[in-house]
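Worksheet: the structure to be examined is printed underneath.
The values are calculated or read from the model by the stated rules, or taken from the named source; none is laboratory data. This structure is a prediction, so every number in the text was calculated from the model and none was measured. Quick reminder, even Gly has a Cβ in these numbers, built from the backbone with ideal geometry, and neighbours come from all protein chains shown. Each accessible area value is taken on the protein alone, full model and side chains, heavy atoms only, with ligands, DNA and RNA left out. Shrake-Rupley method; radii C 1.70, N 1.55, O 1.52, S 1.80 Å.
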Amino acid sequence: MTKPFPRSPQMSGWEAPLRFEGDLYDLEIEGEVPTDLDGAFFRVAPDPQYPPRLGDDIFFNGDGSVSSFRVKDGHIDFKMRYVHTPRYLREREARRSLFGAYRNPYTDDPSVAGLSRTTGNTNVVMHDGLLWALKEDSLPVGMDPETLETVGLSDFAGQVKSRTFTAHPKFDPESGDMFCFGYAARGEATPDVAYYVIDPSGKVKHEAWFTSPYPAMIHDMALTENYVIFPVSPLVSDLERIKNGGIYWQWDSGLDVLFGVIPRLGGPEDVRWFRAPNAFPGHTLNAFEDRGKIYYDVPLADDNGFHFFPDANGYAPHPASLKGAVMRVEIDPKRSDLRARAEVLTPALADFPAVDDRYLTTAYRHAFLTGADPSAMPNLAALKAMPFNGPFNAFLHVDAHSGDVKKTWTPGPMAGVQEPVFVSRDQSAPEGDGYLIALVNRYDEIRSDLVILDTADIAAGPVATARLPFRMKNALHGSWASAEEFTRSR
Ligand code: V55
Ligand code: FE
């Protein structure tokens, strides 16, 4: 027997737990699924298996629930499975929550001391033949990309000594090398960062350990031809606070945002920390170099985007009130004052970007993001809950040269959108020519659509819409893998 979940804003309405695993063969489709698409769209959403041990919980602490949309010959087959983490399995056996607050092992049932706390709820990416479920507080969990069966937690055969691993690794389009890191690498609230380069067969080619100026969230990263960038958010951890049962992250409006820069094969002595005024960084669009300077495209908001991680006074702004823009951050690696300059690229607060992965690390032209269309904003108050990406209700196609929003598509007046993935039409297609695949939340129908847009003109609306008969909670992130990539045996 499972007791009811709390009816709190982060656990009800659109974000109420779904808790099921299952398959839906041959989705109902309006329009035509392009027959040149052969692969799978993977995504992961937090979805707590049991009611929270401490009465309520935040969205970020839910168990990872992975879905795959297998697209082939104009058909789409759907699958949804939990990441069967050690934590998921132990709680399933106990039929209740044993783990407590987000990243706070001091609030756990003593019976699970020392067990991995990962939920694998933040991103799913293919590497070395496996689908990896990622959560930045832990090591990755491998899954079979065809069956979504969990293979298990991995430290890459003992090569990765970091206790943590980012949810946003970057892949060099030429070598397939995975550039990745863990922060809090020696344990919760430590300032240690462990940086790795892992080749396509899972071998660690490079490793460097260094410390961040303060123990803060490093959620994403960026890769250029010669450098790796680590954006440090002004969200700070403190071991004493955690031991006292306090919240893991605290927003500090007095801190700069930092950009750690290291050459791809650099050591700890090569790391330099560039600064820009206080801001809340979103997700990496892309980064590249031009005439010795590094350009890093990333959304920056004027205040804390995580209302569940307030400042020392308990204050956090309502997410819909945030202002900001997609910025182009200029870092001159030779600059001695270590200042980074940020200029507006696109004057819209947008996030969850997708770019053409073949152009990662180089100058590029096409970016696709989720943004806000005020003319069709759903009445969020009427939903009686705060969907995680509440203010985002449109897809934007941005020209990354001029910053102009070339095209937008808004699915309607009572809709929300989730992170899109970009799929090129074929390997020889020009940059940005292909498809955008994403989930749309139909708040009025309490149901989701999977949409496929042609990037030649996203404003024309979907070329195909798979009508799901149920609601898909908001995901954090996902990725596309071609059939060739995920049916290859390891
Ligand atoms: C993020 C999400 C997380 C997390 C840390 O979106 C940062 C940022 C879903 O979990 O643990
Ligand atoms: Fe993220």
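Peptide packing for 267-274, 225-232, 85-92 was compared via the average number of neighbouring C-beta atoms within 10 Å per residue; ordered from the highest value, the list is 225-232, 85-92, 267-274. Using the rule -39500 (n - 2.57) for each DSSP H run of four or more residues, divided by the residues of the chain, the 222 nm mean residue ellipticity is -1000 deg cm²/dmol. Protection proxy ranking, highest mean first, for peptides 61-72, 362-373: 61-72, 362-373, where packing is the per-residue count of other beta-carbon atoms within 10 Å, averaged.
For Glu28 and Asn244, a Förster radius of 41 Å and the Cβ-Cβ distance give a FRET efficiency of 0.20, rounded to the nearest 0.05.
Which entries in the list Lys170/Lys293; Lys3/Lys323; Lys161/Lys293; Lys79/Lys406; Lys323/Lys473; Lys203/Lys334 go over 29 Å, if you measure between the two C-alpha atoms of each?
Cα-Cα > 29 Å for Lys3/Lys323; Lys161/Lys293; Lys79/Lys406; Lys203/Lys334; rest within.
Remark: region 348-490 carries a charge dipole of roughly 520 debye about the Cα centre, counting +1 on each Lys and Arg Cβ and -1 on each Asp and Glu Cβ.
With the simple spin-label model, which puts each label point 7 Å out from Cα in the Cβ direction, the Leu54 to Glu484 separation comes to 4.8 nm.
Modelled label positions at Glu343 and Ala320, each set 7 Å beyond Cα in the direction of Cβ, lie 3.5 nm from each other.
Considering only protein heavy atoms and a 1.4 Å probe, what is the carbon-and-sulfur percentage of the accessible area of region 178-248?
It is 49 percent, rounded to a whole number.
Summed over the residues of region 395-490 and divided among them, the accessible surface reaches 37 Å² per residue at a probe radius of 1.4 Å. FRET efficiency for the Ala312 to Glu174 pair, using the beta carbon distance and R₀ = 41 Å, is estimated at 0.35. Using the Karplus relation 6.51 cos²θ - 1.76 cosθ + 1.60 with θ = phi - 60°, the per-residue 3J(HN,Hα) values for region 295-304 come to 10, 10, 9, 7, x, 10, 9, 7, 7, 4 Hz, with x marking Gly and Pro.
Taken about its Cα centre, the chain carries a charge dipole of roughly 1340 debye when the Cβ of each Lys and Arg holds +1 and the Cβ of each Asp and Glu holds -1. A cut-off under 13 angstrom between Cβ atoms defines the neighbours of Glu93, and their net charge, with Lys, Arg +1 and Asp, Glu -1, is +3. Using +1 at the C-beta of Lys and Arg and -1 at the C-beta of Asp and Glu, which of Phe20, Pro145, Leu37 has the Cα lying farthest in the positive direction of the dipole of the chain? It is Phe20, whose Cα lies furthest towards the positive end. Full extension of the segment from Ser428 to Leu115, taken as 0.36 nm per residue of separation minus the current Cα-Cα distance, would add 108.0 nm. How much of the accessible area of region 265-369, in percent, comes from carbon and sulfur atoms when a 1.4 Å probe is used? It is 51 percent, rounded to a whole number. Ordering Val232, Pro52, Phe156 by Cα displacement along the dipole of the chain toward the positive end leaves Pro52 in first place; charges were set at the Cβ atoms of Lys, Arg (+1) and Asp, Glu (-1). Per-residue 3J(HN,Hα) values for region 437-442, derived from phi via the Karplus relation 6.51 cos²θ - 1.76 cosθ + 1.60 with θ = phi - 60°, read 10, 7, 9, 10, 8, 9 Hz in sequence order (x marks Gly and Pro). Residue ranges 277-287, 341-351 sort as 277-287, 341-351 when ordered by packing (mean number of other C-beta atoms within 10 Å per residue, highest first). Accessible surface area normalised per residue over region 269-338 is 44 Å², counting heavy atoms of protein chains with a 1.4 Å rolling probe. The residue list Thr284, Pro413, Asn61 was ranked by how far each Cα lies along the charge dipole of the chain toward its positive end, using unit charges on Cβ atoms, and Asn61 comes out on top.
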